[in-house]
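Since the structure comes first, as structure tokens, the remarks are kept for the end.
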Amino acid sequence: MSSNDPLLQPFKLKHLTLKNRLMSTAHEPAYSEGGMPTDRYRLYHREKAKGGIALTMTAGSAVVSSDSPPAFGNLHAYRDEIVPWLKALADDCHEFGAAVMIQLTHLGRRTGWSKGDWLPVLAPSPIREPAHRAFPKEAEDWDLDRIVKDYADAAARMQAAGLDGIEIEAYGHLLDSFWSPATNHRDDEYGGSLDNRMRFSNRVIDAVREAVGPDFIVGLRLVADEDWSKGLSKKEGIDIAGRYARSGKVDFLNVIRGHIDHDAALNDVIPIQGMRSAPHLDFAGDVRQAAGIPVFHAARIGDVATARHAIAEGKLDMVGMTRPHIADPHIANKVMRGAEASIRPCVGATYCLDRIYEGGEALCIHNAATGREGELPHDIERAEKSRRAVVVGAGPAGLEAARVLAERGHQVIVLEATGDAGGQINLLVRNPRRREMVGITDWRLSELERLGVEIRYNTYAEAADVLALAPDLVVVATGGFAQSPSLEAGEELVTSSWDILSGTVKPSGPVLLFDDNGGHPGMSAAEVIATSGAELELVSPERFFAPEMGGMNHVPYAKVFAEKNVRVTINTRLVSVRREGNGLVAVLGSDYSASTLTERRVAQVVVEHGTVANTDVYLEMKAGSRNLGAVDYKALIGRRMPLPLKNEAGGYDLIRIGDAISGRNIHAAIYDALRYCTLL
Ligand SMILES: Cc1cc2nc3c(=O)[nH]c(=O)nc-3n(C[C@H](O)[C@H](O)[C@H](O)COP(=O)(O)O)c2cc1C
Ligand code: SF4
């Protein structure tokens, strides 16, 4: 697309010219340290700025008060120390011509009291938010007075840091919980009529405006329809949007549709893979029409074509592509130089978001450099000397290794035992809902084609085959095989989740699925079984159901299980299986009571117990290698050559990555590949 591309047109927001229409909306990646946006945070946003984005909305819900305890690493906008950190971040981004704003909030009931300073959580009315489980106190007059001041003080801090503006969060947090009939049951001047329910947000916006003056950019990320029988209606939501637009105190609206008080509802606001693309775009366009001020919006506008459509059709002024920039922070530059095909696609896996809710930091399932900008590059540098490399296995680890080595200028050949690249991704995409994961493979295949890497399919490589290619570097990425849990008896009677996922074995009910892994493979097999119509009991030894699964990814599985009446049994372990008549008997036990055994008569027992590494080639090649397979982990972490010289007579360096070491996940496989190969 040339420079008349709608996405590349500048946009004037008050006095500020945004250089194109691409933005990243607020999202807390949980990279903060002690509530401060330190170097990791800065480098993360700097990378987007370097990649050509027009506007990066930093933080996600930076908290304005200490009684809004951080729920997932939120920045502390209530502390003066934040100013220099944000200034450094803004300066870095401004150097690349990107604007920087920040989202401010009071989380209200959407947090827990046992965090931060252990102050009680509050809300308009004492109604619990299921997702964070705190029972809030009803906000008193003195609470509201001090929180209004906290907003104003925080806004002034952001202005002092040299940011280009702020966005006040009003969906699922304190401000909008006054608007919503679902959460505001007050009978004082803050409850009842819409005027009353808007009183608190009016006070906040007035105080903020007074603190920052008329010229500073102040926006509102607001719910304009809670899409909830007991919540804020579309009519009232659009009314609120219109009132703020006309007030002249708000410079842009960032539109949200839906409510977020539990995982299933949050999924509709932030749709994941397998869900509709851009489901709320038309609604955001309606708000833009009604409000008549600039409108921003993000919700699974996953590709550049949809983003372009949103601008061309006048639905939005700025397009939020938030997860897409986590997957590839260089989208705008790639569009500008006509290299759209090389944009690493966001496959909607939402590993990024799930991790922050599970207490980790946001990481992209297939871009291991995101959030690690201090150590790992998004643009791979060429090596000083070109080497001849053989990669064994074309799963996610092998493909990433081949890509990175080729970018470094090495001559790479990939040997793949089967007829297709993708490894275990080929299994998981058998679940139609997860089909987009194929983007992880396809993007790498197209990059390998661009880089001129040869992949030899149907080539089961033994050491001699690899040696025949005279490699200087061998990367073993041979993955693993499904393994069974150890049972007291009947291991030969069970079917693996892989057999179900691959379609090799058809579900035949009643089925008992023993998930001794707790992540996607077992849940996906369960989904396939349940949707086939077979009766299913899912048994887990864990005290939480599917503990390796984040809340966002849990939703579609839980929906199928609810609709198909799947029985879920926790705290229970499969002990043995025996044949009886033409069926099977599964004996179930408990880690908590050795004497308690129960039995289930079923037609099929399916087990999921992760993978065992396929180590054949690695072990065959170890003795002939220069490093004898060894890795210096200290050097790897310190970003130095990680392969020690242990055998002068060795002919090649040898590394093993991904599930060929031990069963982990796609991110771990890709991270292995990137962190090793950028040093080789
Ligand atoms: C890791 C992560 C954290 C998020 N945290 C926030 C937040 O604190 N405040 C907010 O308004 N939205 C938050 N969001 C939602 C995003 O701003 C955005 O609305 C959502 O990701 C949908 O846009 P996308 O499909 O372009 O990713 C978060 C999203 C992600 C992925
Ligand atoms: S983890 Fe998935 S949803 Fe998140 S940015 Fe990466 S590809 Fe997109």
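The values are calculated or read from the model by the stated rules, or taken from the named source; none is laboratory data. Nothing here was measured: the structure is a model prediction, and the numbers come from that model. Every residue, glycine as well, gets a Cβ built from its backbone with ideal geometry; the counts of neighbours run over all protein chains shown.
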Q.
If I ask for residues that are within 13 Å of ligand 1 (Cβ to nearest atom) and either closer than 17 Å to residue 400 by Cβ or small (Gly, Ala, Ser) (or both), which ones from region 327-338 would you list?
A. 327, 328
Q: Test residue 341 against the stated conditions and say whether it is more than 16 Å from ligand 1 (Cβ to nearest atom), part of a helix (DSSP H, G or I) and either in contact (Cβ under 8 Å) with a residue 40 or more places away in the chain or among the aromatic types (Phe, Trp, Tyr) (or both).
A: yes
Q | Elements of type strands (runs of 3 or more DSSP E) contained in region 537-619, each with 1 or more residues being surrounded by 15 or more Cβ atoms within 10 Å (Cβ to Cβ), under 35 Å from the mean Cα position of the chain (by Cα) and not hydroxyl-bearing (Ser, Thr, Tyr) | A | 567-569, 573-580, 604-608, 611-613
Q | Members of region 337-352 found to be within 12 Å of ligand 2 (Cβ to nearest atom) and under 21 Å from residue 49 (Cα atoms), listed by number | A | 343, 344, 345, 346, 352
Q.
Take residue 45 and tell me if it is touching a residue at least 40 places away in the same chain (Cβ under 8 Å), within 16 Å of ligand 1 (Cβ to nearest atom) and in a loop (DSSP other than H, G, I, E, B).
A. no
(Q) For region 293-300, check the following and say yes or no: at least one residue is charged (D, E, K, R), within 18 Å of residue 57 (Cα to Cα) and either in a helix (DSSP H, G or I) or within 14 Å of ligand 1 (Cβ to nearest atom) (or both). (A) yes
Q.
Being in contact (Cβ under 8 Å) with a residue 60 or more places away in the chain, of a type outside the set (Phe, Trp, Tyr) and either farther than 18 Å from residue 191 by Cα or surrounded by fewer than 20 Cβ atoms within 10 Å (Cβ to Cβ) (or both) is the filter here; which residues of region 225-257 pass it?
A. 251, 254, 256
(Q) Among the residues of region 383-398, are any surrounded by fewer than 20 Cβ atoms within 10 Å (Cβ to Cβ), more than 16 Å from ligand 2 (Cβ to nearest atom), under 30 Å from residue 655 (Cα atoms) and free of Cβ contacts under 8 Å to residues at least 24 places away in the same chain? (A) yes
Q) Got a sec? Which of 477, 489 is modelled with pLDDT of 95 or more and over 29 Å from the mean Cα position of the chain (by Cα)? A) 489
Q) When residues of region 624-646 are filtered for being among the hydroxyl-bearing types (Ser, Thr, Tyr) and touching a residue at least 12 places away in the same chain (Cβ under 8 Å), how many remain? A) 1
Q.
For the list (1) within 11 Å of ligand 2 (Cβ to nearest atom); (2) surrounded by fewer than 22 Cβ atoms within 10 Å (Cβ to Cβ), I need the number of the one condition that residue 361 fails.
A. (1)
Q) Could we say that residue 265 is away from ligand 2 (no atom under 16 Å from the Cβ) and either within 30 Å of residue 430 (Cα to Cα) or modelled with pLDDT under 95 (or both) here? A) yes
Q: Just give me the residues in region 619-676 being small (Gly, Ala, Ser) and at positive phi, in sequence order.
A: 629, 658
Q) Restricting attention to region 352-401, which residues are touching a Gly at 6+ places or on another chain (Cβ under 7 Å), of a type in the set (D, E, K, R) and either within 30 Å of residue 112 (Cβ to Cβ) or within 16 Å of ligand 1 (Cβ to nearest atom) (or both)? A) 354, 355, 358, 361
**Q.** Meets criteria (part of a loop (DSSP other than H, G, I, E, B) and either surrounded by fewer than 24 Cβ atoms within 10 Å (Cβ to Cβ) or within 14 Å of ligand 2 (Cβ to nearest atom) (or both)) for residue 290
**A.** no
Q: Within region 142-162, identify whether any single residue is part of a helix (DSSP H, G or I) and touching a His at 6+ places or on another chain (Cβ under 6 Å), and answer yes or no.
A: yes
Q) Looking at residue 307, is it within 11 Å of ligand 1 (Cβ to nearest atom) and touching a residue at least 12 places away in the same chain (Cβ under 8 Å)? A) yes
**Q.** All positions within region 214-230 that are in contact with a helix residue (DSSP H, G or I) (Cβ under 9 Å, 6 or more places away or on another chain) and farther than 30 Å from residue 158 by Cα
**A.** 227, 228
Q. Limited to region 48-86, what total is found for residues that are more than 16 Å from ligand 2 (Cβ to nearest atom) and assigned to a loop (DSSP other than H, G, I, E, B)?
A. 18
Q: Could you tell me which numbered condition residue 406 fails, if it satisfies all but one of (1) out of contact with any strand residue (DSSP E or B) (no Cβ under 6 Å at 6 or more places or on another chain); (2) away from ligand 1 (no atom under 16 Å from the Cβ)?
A: (1)
Q | Exclusive hit being of a type in the set (Val, Ile, Thr) and within 25 Å of residue 524 (Cα to Cα), set 269, 304 | A | 269
Q. Taking region 502-536 on its own, how many of its residues are acidic (Asp, Glu), in a loop (DSSP other than H, G, I, E, B) and touching a helix residue (DSSP H, G or I) at 6+ places or on another chain (Cβ under 7 Å)?
A. 0
Q) Which of the residues belonging to region 550-567 are closer than 27 Å to residue 276 by Cβ and free of Cβ contacts under 8 Å to residues at least 40 places away in the same chain? A) 557, 560, 561, 562, 563, 564, 565
Q: Keeping to region 266-287, report how many residues are in contact (Cβ under 8 Å) with a residue 40 or more places away in the chain, polar (S, T, N, Q) and in contact with a Lys or Arg (Cβ under 7 Å, 6 or more places away or on another chain).
A: 1
(Q) residue 64 - would you say it is within 14 Å of ligand 1 (Cβ to nearest atom) and more than 19 Å from the chain's Cα centre (by Cα)? (A) yes
Q) Among the numbered criteria (1) under 20 Å from residue 366 (Cβ atoms); (2) part of a loop (DSSP other than H, G, I, E, B); (3) within 14 Å of ligand 1 (Cβ to nearest atom), which single criterion is violated by residue 323? A) (2)
Q) Inside region 430-487, can you point out the residues that are within 30 Å of residue 516 (Cα to Cα), of a type outside the set (A, V, I, L, M) and either part of a loop (DSSP other than H, G, I, E, B) or in contact with a Phe, Trp or Tyr (Cβ under 7 Å, 6 or more places away or on another chain) (or both)? A) 430, 431, 478, 479, 483, 484, 485, 486
Q.
If residue 635 satisfies all but one of (1) surrounded by fewer than 18 Cβ atoms within 10 Å (Cβ to Cβ); (2) part of a loop (DSSP other than H, G, I, E, B); (3) out of contact with any Ser or Thr (no Cβ under 9 Å at 6 or more places or on another chain), what's the number of the condition it fails?
A. (2)
